[in-house]
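A quick write-up on the structure given underneath.
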Amino acid sequence: MVRFKSRYLLCEVCVSNRNSLQLLEERVIHQTLRAAVNRAHGDYGSALFNIGVSVKYLNAHTGVVLIRCRKGHYRLLWSVLPLITYLENRGQKVHCFLNCLHVGGTIRTCQKFLAQYNRQQLHRMLPDCKTDAEKQEVRRAILSCSLTNVKGKEADEEESDDDDDDVDEET
């Protein structure tokens, strides 16, 4: 049996109006990605897109999207992200752009990166807080997103010889 290696692109949908994120669906992002790949890379890109690209996760509140694609073709998908300027759902256009935060070999590594990224964003928000209540709320959020059991899991991963997390090395 053959195992297909995948890459996961963790992206953030950046919009000017946060309320418009509620209009997003996985299907809309998939169709927009397909159209962008078709425009940029033609029939070859469309064929590669149809083989192994899927939207695995979408959080409409935070705008985080997790896209899975084949290991050898993730750069093709990565190259069209700047070409997307809007997402259209039910006749409404949401002007946005996709910011690629991380490329990982597993969903688990993307989740760990996202927890660390959220913690960094909260630390950046702390100096901007004006009242003590806001500061306490941000501090509470920082403590809630810290992963205490990640250290034990990282030790388990170091023992295993899994090379899926190495993005720069392609075979």
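Scanning region 13-61 for residues that are small (Gly, Ala, Ser) and crowded, with 18+ Cβ neighbours inside 10 Å returns SER20, ALA36, GLY45. Among the residues here, TYR86 does not qualify as closer than 15 Å to GLU25 by Cα, under 14 Å from the mean Cα position of the chain (by Cα) and hydroxyl-bearing (Ser, Thr, Tyr).
Of the residues HIS30, HIS102, which single one is under 23 Å from ALA141 (Cβ atoms) and at pLDDT 90 or above? Just a single option satisfies the conditions, and that option is HIS102. In this entry, LEU122 is excluded by the filter for residues that are at pLDDT 90 or above and aliphatic (A, V, I, L, M). For GLN116, indicate whether it is farther than 20 Å from TYR8 by Cβ, modelled with pLDDT of 80 or more, surrounded by 10 or more Cβ atoms within 10 Å (Cβ to Cβ) and out of contact with any helix residue (DSSP H, G or I) (no Cβ under 6 Å at 6 or more places or on another chain). Judged against the criteria, GLN116 is not a match. Among CYS110, CYS69, which is crowded, with 16+ Cβ neighbours inside 10 Å, assigned by TED's automatic domain parsing to the domain that holds ALA36 and not small (Gly, Ala, Ser)? Among CYS110, CYS69, only CYS69 is crowded, with 16+ Cβ neighbours inside 10 Å, assigned by TED's automatic domain parsing to the domain that holds ALA36 and not small (Gly, Ala, Ser). Restricting attention to region 79-115, the residues that are in a strand (DSSP E or B) and over 15 Å from LYS5 (Cβ atoms) add up to 15.
Checking each residue in region 1-39 for being out of contact with any helix residue (DSSP H, G or I) (no Cβ under 7 Å at 6 or more places or on another chain), more than 16 Å from SER79 (Cα to Cα) and hydroxyl-bearing (Ser, Thr, Tyr) picks out SER16, SER20. Here VAL53, VAL15, VAL2 are screened, and the one residue that is over 27 Å from GLN116 (Cβ atoms) and of a type in the set (Val, Ile, Thr) is VAL2.
The values are calculated or read from the model by the stated rules, or taken from the named source; none is laboratory data. Keep in mind it's a predicted model, so treat the numbers as computed, not measured. All Cβ positions, glycine included, derive from the backbone under ideal geometry; neighbour counts span all protein chains shown.
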